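Encoded as structure tokens, the structure appears first; notes follow it.
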Amino acid sequence: MSGAGRFEAHDEQDEPDGAEGEAGQKGEEGQEEYDGSRKPDDDMDADNSHDPGGYGGSGDGPGNGPTPGPGPNHGRSPRIPMPRSSVEDGDRPLPALEEPPPPAPPLVLEHRVLKALLGAWALAACSAEETLAVEDHLGDCGSCADEALRLREAVGLLQRPESLDLDPGLRTRVLESCLDRRPPRIPVPDWATPYDAETARLDALLQDIGDAEWHAPVRLRWFEADEATSRRTTVAGVIAHLLTVDGLVAIALGLDDPLGEVTAEAPTPTARTEAYWRASHFPPTRSVRVPWREQSHDLVRTVSFTGGGAGRLAVPYGVFELPLHDAMLDRAFECWVHAEDIADAVDYPYDPPSPRHLNRMIDLAARMLPTVLAVRRRTGLASPAHGRHLVPAGEPGRTLRLEIEGHGGGEWLIPLDSPAAIGSADHEIAHVALDGVEFCRLAAGHVSPTEAAAGQLGDREAIRDVLFAAASLSRM
């Protein structure tokens, strides 16, 4: 800033003393200013047409201007370049523009054809020419315009909001498509596919949760002596529970016992789980996922190599035993139930199994009900109903019709008097209707028999016995 408050602009290079007098003062735009050595009229009358440098001399001497003296600007080009001439101002001809192609002639269609295209137009399935023809027609035909509006609104209703969660049946469909194209040399037995699918779904859930969520609290629930029972653990504790109980199947197949040197008080699922938890110096962490995952793969691989004939191999559960094909189905059911427990704990969406697998799980529970009813009668938990009578093995007796609605549904005739009896529609005394997922949650001990949303018709005592028998199928 100067003393008078005026901003002084300086060139980027320092000028020597006297340079201003020799070369002339610089203007704001870099042009030479009038320095008083000539009259203004001389510059105005001078012919600058031959001045190659644009300095505007007085016309004396060659070049119509005085020779500039030595100084810092000697031999320099002007600070501001001369403006470029436009193509339009030059002598060269303008480039020829390509002519746009002529528009295609519009389609001329009959009214009935245009009306038939309204559905495809609403779905955006018409070609460009057909779309133009339909839209031109809609401006002239009121009835077709109203129909097009109704169709466009209907298309909006057909589009459901998309979910980011994968369809639970997607894996099954992809595998079926792949296996149809290239059948495996050693296929997985059909009775082992539910376990394969449910362990894969649970493994995908475990892959998505963080380290801290492995310690999220989970409450395992089941019915024992007709009373709701629960046990508090963590997500990692649930996987340890599945690992130890799946070990019963591994032992039957000749594989390693996941308990190792740990000894359980009894070969039951509950005792084995308690022994594993007690033997852990620290609460289970996410590291338990690796042995559980490897064991599930070994089970599927082993039953595949043994072929379908191994399905009748007995798997002891301590107080009872199941054939291998039912034991694998039982483990698939437990895997789904406890996966839902984990999903609730970590606030993760989780869908039921595919309808085909769900139907097999319901069938297993329905086939076990007659035996459970007989055990409950022997222990006094179910009193003999009025009119009960023993029938010879293989003969029809009193029957309850179990109707399962929704996905995986069907009908099962449950013999009430003896496990060896046959259910018969002619001897039906009661009818119970339940949703498929609701029935499975009842069998898992997650729903009380008195609170199960069941449609009931017929003998109330028989219905109560069957509902409590279904709940007593549950265990930790």
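Average accessible surface for segment 414-476: 37 Å² per residue, computed with a 1.4 Å probe over protein heavy atoms with every protein chain in place. Residue by residue, segment 410-418 carries 3J(HN,Hα) couplings of x, 10, 10, 9, 9, x, 9, 8, 7 Hz when phi is fed to the Karplus relation 6.51 cos²θ - 1.76 cosθ + 1.60 (θ = phi - 60°); x denotes Gly or Pro.
Surface exposure of segment 313-405, expressed per residue as accessible area with a 1.4 Å probe, stands at 43 Å².
Taking only protein heavy atoms and a 1.4 Å probe, the accessible area of segment 311-415 is 55% carbon and sulfur. Each residue of segment 112-127 was assigned a 3J(HN,Hα) from its phi angle through the Karplus curve 6.51 cos²θ - 1.76 cosθ + 1.60 (θ = phi - 60°); the sequence is 5, 6, 5, 5, 5, 7, 4, x, 5, 5, 5, 8, 6, 10, 8, 6 Hz, with glycine and proline shown as x.
Near residue 382, the amide H atoms lying under 5 Å from its own belong to 377; only residues 5 or more places off or on other chains count, and H is placed 1.01 Å from N. Residues 157, 434 ordered from highest to lowest accessible area at a 1.4 Å probe: 157, 434. Our coupling estimate for segment 339-354, obtained by passing each phi through the Karplus curve with A = 6.51, B = -1.76, C = 1.60 and θ = phi - 60°, is 5, 5, 4, 5, 4, 5, 5, 9, 6, 10, x, 8, 9, x, x, 4 Hz, Gly and Pro reported as x.
Under a 5 Å amide H cut-off, with hydrogens placed 1.01 Å from N, residue 218 pairs with 233, 234, 235 among residues at least 5 apart or on other chains. Here the extension length gained between residue 98 and residue 290 equals 62.3 nm, from 0.36 nm per residue of separation less the Cα-Cα distance.
The values are calculated or read from the model by the stated rules, or taken from the named source; none is laboratory data. Given the structure is predicted, the values throughout are model-derived calculations rather than measurements. Protein only, heavy atoms only, side chains kept; ligands, DNA and RNA dropped before computing areas. Shrake-Rupley method; radii C 1.70, N 1.55, O 1.52, S 1.80 Å.
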